[in-house]
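Report on the structure given below.
The values are calculated or read from the model by the stated rules, or taken from the named source; none is laboratory data. Given the structure is predicted, the values throughout are model-derived calculations rather than measurements. Every residue, glycine as well, gets a Cβ built from its backbone with ideal geometry; the counts of neighbours run over all protein chains shown.
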């Protein structure tokens, strides 16, 4: 039974709390949030401790800490958790500053307990079935990975302003997923960005709302990512693997499979699953499973701190590629 | 907060227990099973009382009883629960004997608390979206309802032998669903049955493994049900509504949306959701929701005891139709 | 090179004329229509003879006659063609009168040239792929055949009044297709009919616009046909084969594969292929292919005159089943 | 009636010949091929003249010339046809040399008869439905165009060696389609190429077999093209338009809509339509329609010589982008 302390009781923190509470081999030890009514609500509802500080969590007898607090706190909390000899599951990104993230990885490299980054998409059953088809040899040599990833709507201005930009905030999931699928390190990055949805906000933040990224590996494999911060038709999450022996795809999920056909139209009655909480529910459950197994020493974390740092390097390269209108070698980041 | 006592800790009882335990407006008060290790496991895991008899549950301070015990006990437990002034959610069928079920309904007709039958498919979001399309007028006048319902594999011999036959055990869900969709009482029943999968067993039990049923209403609407006790490709659950203004369908669900395309083939990577526990998960959750609301007086049970009796009458008519090779008037049952 | 004379230049006759004209091993010898401007238009456009009577066609040096004239003329024309030693491809149904059709088959049983009935659906590539899956053993033992067949709109009143009723006019295609798929003779027929679309017209004609048919074979196989004379969402043509080893289906065809996804909806941009001319185009081409091969002695006609008579017997049984509200043994027809 | 002379009786020429022969408002005047048995076969089969030289075609009384000869001849034939005052429909690309193609457009700019380039995909009903959704405002402001285009198998070595490279030979269709969909001129091009399928051949030819292209417009719209010279699962042809108001897609076409479902698998029974002759059949028919209308003065050619030159400029930019590992401004080509 792995006892997990949760830091951060926002939307994603609450979801993790419920999944842990229902997990047969995990126990939610306690919760903290800087906004104490939030942690109190979760503590009362699930019958667990409410910590009055992160330090209380680190000092507790929990085996592990799940960090779902704002990005700026991640590095300090990772280091504090490691110092307290606790396993760590930290939400992405590690930090907005690539150098700081890299330093963090260096600082904790002797940690004895597992450190895992919350790249939940690696655990999505559909994405994983596509990857398994590749690993099982059904696709022959992999040639191209195409990732379509569009959010259902713009985040609030305040979120955008502090997000570190689309590549560090949103594309980072796809950059990691591309690495996961390619199974070979990315050597070059080419990115294109536009300001089509909220041009004034994006201009002000030096950010983009509509981007395309091409990643290439030493052997010539390509991964293509298209992102939009707003797809009015819903949360569009697709992965396609194309190889010498075939193709695999992981398609969108709808809320149900009803259709209505009338004079001149045929339509799905149900929208795409709304957003990551709904779409990646099974993935979050499998992620906690992997983390609990890693804590028990029966599995390796699917996404390491090193993976978190590497995804940040690619995000960094995306910004540079747009700024310089050229392909960037990842080793130069 | 509705306190619910559970009778029966088999597969479906355990599922209900977990759904109730996680429900924000319900509380699992305690559990009983004639095989006490089963109830003990649930009681310990979910931290609730273990009753040592059904009577203990009826005598408890629970507001409601969920009856998930073998069919033969349903009528007695419904009556005992009503006598104890408790709300009832009883799994289908009410009884294998139509007359006994009808008498039960008569006996408890003055019950003050709600009595509900577990026709979970009425709550399936896809089936309901199809029906909503009809209720909202998108299909015009309804003409035909087509229900495809095939189990992934034969139940054990012992189950078949005591099931009351395919129409009372399996088709009963579809008979109820047809009534739910038609929105008009069925007046005539025509059925065809064959013994194609397990002929010897079916012969011995006077049962069928492959059946087709046509239901008609006074205005001429038709519902067509096709059933098989074994579909090796998976649990096939589809509903189609056809009307003067259009068509609505509720299609199958797969575990995920991955596909693999190779030389000469394109295939889904994931099978259909395995069986009712997986396929109708959302329906069972919504069913408990409706029951809790009914107990709180804020909703009417979607499926009444009367609905349970009427579905049994149709099942009865199916057997007669095959025996007499003719259409049966429901009023003659 | 098979020289084919065409009788009847209506919609289906014109389509056959064009297919024959483009066929590498066939030649359109000439055309006749009782309405001479119709035959003239085809003759001029395709550069072929215009016969001034059916007799002229029978007396010509054509090798074969394609009969696409009104149903009432079929029997006489089949007999005249056989007398003239010509091969025959006759549109369905053979006749509205079952006894007369049976007598015709008896009368021409010594014919040396092939006689074929235009059951085009047997040639549809999708339906045939489903049947091939069965014949190749991929479905194990066949249990149920489900045929959905709905016309996009009501035929004109005048057509309905002389059509012989839905079972002889429309369902006959599905009755034949069911026989083709079952691969075992039908022994019993149960039918249900309703008047929901044009009740007054149907009442006047003793006909039905919405029907369901169950066919069974000696071994217990079932075929279920649902028909409607008007599906506002388009020409709905589906076949499903269900067996001990799996399922095969032949789904609908759309004009193209475009979709539009917007806020709250996802819809196909293209309707179902409009009607039989469009939907079964490939089938009609393959049918002529089979006929030409049969004329050349290199193939057997896929649908014989005997098949035409047997489908009529089933249509006859459907009407009786409704009239008597019971299952009809085909041998009693 | 537009009389069309055909130059080139290879695969695509023969297909055009048949479409013209069956067209109600066009007449195939005669055919030429440098390999006279090829033109003889077509001439005899369709009952038209066989020219003994291209000059004979230009000197004939045909109204128009369809140029389906090898690329190297295109420019000369376009100029000769214009000199003879004939309308022109020329297969893509205009020439392998961008400067020469541009000069050709300059040379014939005073032509009185229409000049059209065979960008058939503009006429595909599915692609066009997607574009219509955009033009009709259903997608709001267009943000991204995603084109997937993969050939079913490598062309012969000899073809590759003289093709001018993947961008001029294959991608050129997608470059034109992107321009057609974007409805705004492309200003910048970024391309990535790899040699994964036939590395030695590609190395020798300075070519690529697996490429990704990003096109951007002044307003920031993006078009992303992924190409492969070999998709073993079939000819993969998809277009997706993504805008502020929704998404439109034009999906792949299969030979039919049959599926087989068995234990552990569900698969399409039919492959994707084999290659351009099959997949774009309807497009080629509509293309001839547009050309005939243009010759009659009732329509404007959907794809002009200017469009042919602009697509070549983009192809040119693709090669440069890879060579220089940077984004290329189209105005610099």
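A single entry from A:264, A:297 fulfils the requirement of being surrounded by fewer than 17 Cβ atoms within 10 Å (Cβ to Cβ), at positive phi and within 14 Å of another protein chain (Cβ to nearest Cβ): A:264. Among the strands (runs of 3 or more DSSP E) confined to segment A:200-260, the ones with at least 3 residues that are within 9 Å of chain D (Cβ to nearest Cβ) and touching a strand residue (DSSP E or B) at 6+ places or on another chain (Cβ under 9 Å) are located at A:210-217, A:222-228, A:236-243. Considering only segment A:296-307, I want to know if a residue exists there that is more than 30 Å from residue A:86 (Cβ to Cβ) and over 18 Å from the mean Cα position of the chain (by Cα). Within segment A:296-307 (the criterion being more than 30 Å from residue A:86 (Cβ to Cβ) and over 18 Å from the mean Cα position of the chain (by Cα)), the answer is no, since none of the residues qualifies. Between C:124, C:183, C:176, the distinction of being more than 14 Å from chain B (Cβ to nearest Cβ), touching a strand residue (DSSP E or B) at 6+ places or on another chain (Cβ under 9 Å), within 24 Å of residue C:302 (Cβ to Cβ) and modelled with pLDDT under 95 belongs to C:183 only.
Only one entry of D:282, D:269 meets the criterion of being buried (at least 23 other Cβ atoms within 10 Å of the Cβ), within 14 Å of another protein chain (Cβ to nearest Cβ) and farther than 21 Å from residue D:182 by Cα, and that entry is D:269. Identify, please: which residue in segment C:52-76 is under 20 Å from residue C:23 (Cβ atoms) and touching a helix residue (DSSP H, G or I) at 6+ places or on another chain (Cβ under 7 Å) and is, among those, surrounded by the fewest Cβ atoms within 10 Å (Cβ to Cβ)? In this case the residue turns out to be C:63. In the set (1) within 26 Å of residue A:331 (Cα to Cα); (2) touching a helix residue (DSSP H, G or I) at 6+ places or on another chain (Cβ under 7 Å), residue A:144 fails one condition alone, (2). For segment B:162-177, name all the residues that are touching a helix residue (DSSP H, G or I) at 6+ places or on another chain (Cβ under 6 Å) and outside any loop (DSSP other than H, G, I, E, B). Hits for segment B:162-177 are B:167, B:168, B:172, B:173, B:175, B:176, B:177. When C:65, C:88, C:146 are checked against the criterion of being modelled with pLDDT of 95 or more, over 24 Å from residue C:293 (Cβ atoms) and touching a strand residue (DSSP E or B) at 6+ places or on another chain (Cβ under 6 Å), a single residue qualifies: C:146.
State whether the residues of segment D:184-191 include one that is surrounded by fewer than 18 Cβ atoms within 10 Å (Cβ to Cβ), in the same structural domain as residue D:276 (by TED's automatic domain parsing), touching a helix residue (DSSP H, G or I) at 6+ places or on another chain (Cβ under 6 Å) and touching a residue at least 24 places away in the same chain (Cβ under 8 Å). Yes, because at least one residue in segment D:184-191 is surrounded by fewer than 18 Cβ atoms within 10 Å (Cβ to Cβ), in the same structural domain as residue D:276 (by TED's automatic domain parsing), touching a helix residue (DSSP H, G or I) at 6+ places or on another chain (Cβ under 6 Å) and touching a residue at least 24 places away in the same chain (Cβ under 8 Å). A Cβ distance below 7 Å, combined with a sequence gap of six or more or placement on separate chains, defines the contacts here; from segment B:214-234, residues that are in the same structural domain as residue B:272 (by TED's automatic domain parsing) reach residues that are in a loop (DSSP other than H, G, I, E, B) and modelled with pLDDT under 95 in the pairs B:232/D:263; B:233/D:263; B:234/B:271.
Counting the residues of segment B:235-261 that are farther than 20 Å from residue B:282 by Cα and free of Cβ contacts under 8 Å to residues at least 60 places away in the same chain gives 4. Remark: residue D:311 falls outside the filter, which requires a residue to be under 15 Å from the mean Cα position of the chain (by Cα) and at the interface with chain C (Cβ under 10 Å from one of its Cβ atoms). So, in segment C:139-153, of the ones that are surrounded by fewer than 20 Cβ atoms within 10 Å (Cβ to Cβ) and either free of Cβ contacts under 8 Å to residues at least 24 places away in the same chain or within 11 Å of chain B (Cβ to nearest Cβ) (or both), which residue ends up nearest to residue C:215 (Cα to Cα)? Only one residue tops the list, namely C:141.
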